[in-house]
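For reference, the structure is listed below as structure tokens.
The values are calculated or read from the model by the stated rules, or taken from the named source; none is laboratory data. From a predicted model like this one, the values you see are computed outputs, not experimental measurements. Counting neighbours? That spans all protein chains shown, and the Cβs are built from the backbone with ideal geometry, glycine included.
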Amino acid sequence: MTTLSHCQALDAQDPLAPLRAQFALPEGVIYLDGNSLGARPVASLARAQQVIAQEWGNGLIRSWNSAGWADLSLRLGNRLAPLIGAGEGEVAVTDTTSINLFKVLSAALSVQRERVPARKVIVSEASNFPTDLYIAEGLAELLQQGYTLRLVNSPDELPRAIDQDVAVVMLTHVNYKTGYMYDMHALTALSHECGALSLWDLAHSAGAVPIDLHAAGADYAIGCTYKYLNGGPGSQAFVWVSPALVDLVRQPLSGWFGHTRQFAMESNYAPSAGIARYLCGTQPITSLAMVECGLEIFEQTDMASLRAKSLALTDLFIERVEARCAVHGLKLITPREHARRGSHVSFEHPEGYAVIQALIARGVIGDYREPRIMRFGFTPLYTSFTDVWDAVEILGDILDNTTWDQPQFKVRNSVT
Ligand SMILES: *Cc1c(COP(=O)(O)O)cnc(C)c1O
């Protein structure tokens, strides 16, 4: 069985350990929620000051050119591209994940209307992140063409759900509750065999697990930068479209930033070639600029090293919880199989909400998802093996002493 000194030895040998110094983590906190909001890179503070004081304050409107604001979305896209197996000029960092999903799902349905108009089904899973399902619902209603959502209840129902009626298979690569990771290659191939397009939400994958969109043959992808990529609260999302499809149709949020001659100020829209047509309007530049600080840290390592540490951290956490908290009946809902596991681990407990609040009161920050799920994110850039040990000791202590059973831990906050 693992011991504290074994965890300390793992930290001493960990080649990624020095990167933790590039994050401003508060004293006394073990942060296991980087899957929801990444920690702040130290560099973000100076970068924000530079954007506000120099670029905005002194540069004023000139900064669209002189500080490179005008092409920031595409420059950041190029820096992010290697993390998802995309090429140069194929990714834009802009808008939100919800909005980018609207754009790519609309585009995918347009492509299919031209190819096989009879395809009216969008396949997804009932436990997908709610915004993904809501956006698909809203788009189907807007289009008024009889589109329906076909939701599966578990991954093994997918092969039967993907048939000749399906236009798009829209999946989140790593499930936000369970941490289950789909086989992107196999499901994309299956979708294509049936003539469907494949759309991947990488919100819980980008910066967490290796992704190769080109090798998988994917058609569309979107995802967050404020989770594992540490871009800051509400930082812009990314959007990728396969080069084979990107110029086929216009996406409906065709604002002036996507126009091929933006400053010609023409009365009619003419889309840019490539991913630039997925830009819409002016971005909050102070937020967008922060994304760069997160990506700079990823450029000092590689996804294979991060994945190896992520699996070691999640293995250790599962082993320790099952040993230290054995009598408390926690139920693991995250796959044990490495190939099916993302970078967070979830356990069910009937009083999961109160247990998480009691943990937060002790400085261990995880989060809670309905119905009974305690969720713990592991971010190899700044989570140590000793953090895992300490977090499980505190969890065990809270469960042994029923510390969670106090009224203040049962008050529901608006964000859980
Ligand atoms: C976090 C997350 C989102 C968030 O979308 P926003 O538009 O940024 O609020 C969307 N989809 C998935 C799968 C997520 O995990």
I want to confirm something. Restricting to the stretch 191-216 and keeping residues that are away from the ligand (no atom under 14 Å from the Cβ) and among the charged types (D, E, K, R), which single residue is nearest to residue 115 (Cα to Cα)?
193
Tally time: how many residues in the stretch 122-149 are out of contact with any Leu (no Cβ under 8 Å at 6 or more places or on another chain) and not small (Gly, Ala, Ser)?
8
Sole miss for residue 198 among (1) in a loop (DSSP other than H, G, I, E, B); (2) small (Gly, Ala, Ser); (3) in contact with a helix residue (DSSP H, G or I) (Cβ under 8 Å, 6 or more places away or on another chain) is condition (1)
Could you tell me which numbered condition residue 197 fails, if it satisfies all but one of (1) crowded, with 24+ Cβ neighbours inside 10 Å; (2) touching a Ser or Thr at 6+ places or on another chain (Cβ under 8 Å); (3) within 22 Å of residue 39 (Cβ to Cβ)?
(3)
Residue satisfying all of: in the stretch 217-236; in contact (Cβ under 8 Å) with a residue 60 or more places away in the chain and in contact with a strand residue (DSSP E or B) (Cβ under 6 Å, 6 or more places away or on another chain); farthest from the ligand (Cβ to nearest atom) among these
219
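Okay, residues lined up against (1) farther than 19 Å from residue 214 by Cα; (2) among the β-branched types (Val, Ile, Thr); (3) more than 21 Å from the chain's Cα centre (by Cα):
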residue	(1), (2), (3)
51	yes, yes, yes
54	yes, no, yes
59	yes, no, yes
63	yes, no, yes
68	yes, no, yes
81	no, no, no
93	no, yes, no
100	yes, no, no
In the set 287, 310, the lone residue that is over 29 Å from residue 180 (Cα atoms) and of a type outside the set (A, V, I, L, M, F, W, C) is 287
I'm trying to understand the selection: among the residues of the stretch 101-132, which are more than 8 Å from the ligand (Cβ to nearest atom), touching a residue at least 60 places away in the same chain (Cβ under 8 Å), in a helix (DSSP H, G or I) and touching a helix residue (DSSP H, G or I) at 6+ places or on another chain (Cβ under 9 Å)?
102, 103, 104, 105, 106, 107
How many residues are surrounded by fewer than 19 Cβ atoms within 10 Å (Cβ to Cβ), part of a helix (DSSP H, G or I) and within 15 Å of the ligand (Cβ to nearest atom) if we restrict to the stretch 80-98?
1
Quick test for you: out of 136, 167, pick the one residue that is of a type in the set (A, V, I, L, M, F, W, C) and either at pLDDT below 95 or closer than 27 Å to residue 228 by Cα (or both).
136
Would you mention how many residues in the stretch 222-253 are over 11 Å from residue 287 (Cα atoms), among the aromatic types (Phe, Trp, Tyr) and part of a loop (DSSP other than H, G, I, E, B)?
1
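Got a sec? Which of 341, 336, 369, 324 is among the basic types (Lys, Arg) and either crowded, with 24+ Cβ neighbours inside 10 Å or closer than 28 Å to residue 21 by Cβ (or both)?
Of the residues listed, the single one that is among the basic types (Lys, Arg) and either crowded, with 24+ Cβ neighbours inside 10 Å or closer than 28 Å to residue 21 by Cβ (or both) is 341.
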On the basis of being hydrophobic (A, V, I, L, M, F, W, C), crowded, with 19+ Cβ neighbours inside 10 Å and closer than 26 Å to residue 236 by Cα, does residue 10 make the cut?
no
Which ones in the stretch 237-246 are more than 12 Å from the ligand (Cβ to nearest atom) and either of a type in the set (Phe, Trp, Tyr) or more than 21 Å from residue 291 (Cα to Cα) (or both)?
240, 242, 243, 244, 245, 246
Quick check, is residue 27 surrounded by fewer than 20 Cβ atoms within 10 Å (Cβ to Cβ), among the acidic types (Asp, Glu), at pLDDT 95 or above and under 30 Å from residue 390 (Cα atoms)?
yes
Can you tell me which residue in the stretch 153-181 is surrounded by the most Cβ atoms within 10 Å (Cβ to Cβ), limited to those that are more than 16 Å from the ligand (Cβ to nearest atom) and of a type in the set (Val, Ile, Thr)?
162
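Could you please let me know if residue 399 is outside any loop (DSSP other than H, G, I, E, B) and either among the charged types (D, E, K, R) or closer than 27 Å to residue 204 by Cα (or both)?
The answer is no for residue 399.
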Name the residues in the stretch 1-50 that are in a helix (DSSP H, G or I) and hydroxyl-bearing (Ser, Thr, Tyr), would you?
5, 44
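So, of the residues in the stretch 261-317 that are in a loop (DSSP other than H, G, I, E, B) and of a type in the set (S, T, N, Q), which turns out to be farthest from the chain's Cα centre (by Cα)?
Within the stretch 261-317, the match that is farthest from the chain's Cα centre (by Cα) is 267.
Residue 297 - would you say it is touching a residue at least 24 places away in the same chain (Cβ under 8 Å), touching a Pro at 6+ places or on another chain (Cβ under 9 Å) and within 30 Å of residue 386 (Cα to Cα)?
Criteria met by residue 297.
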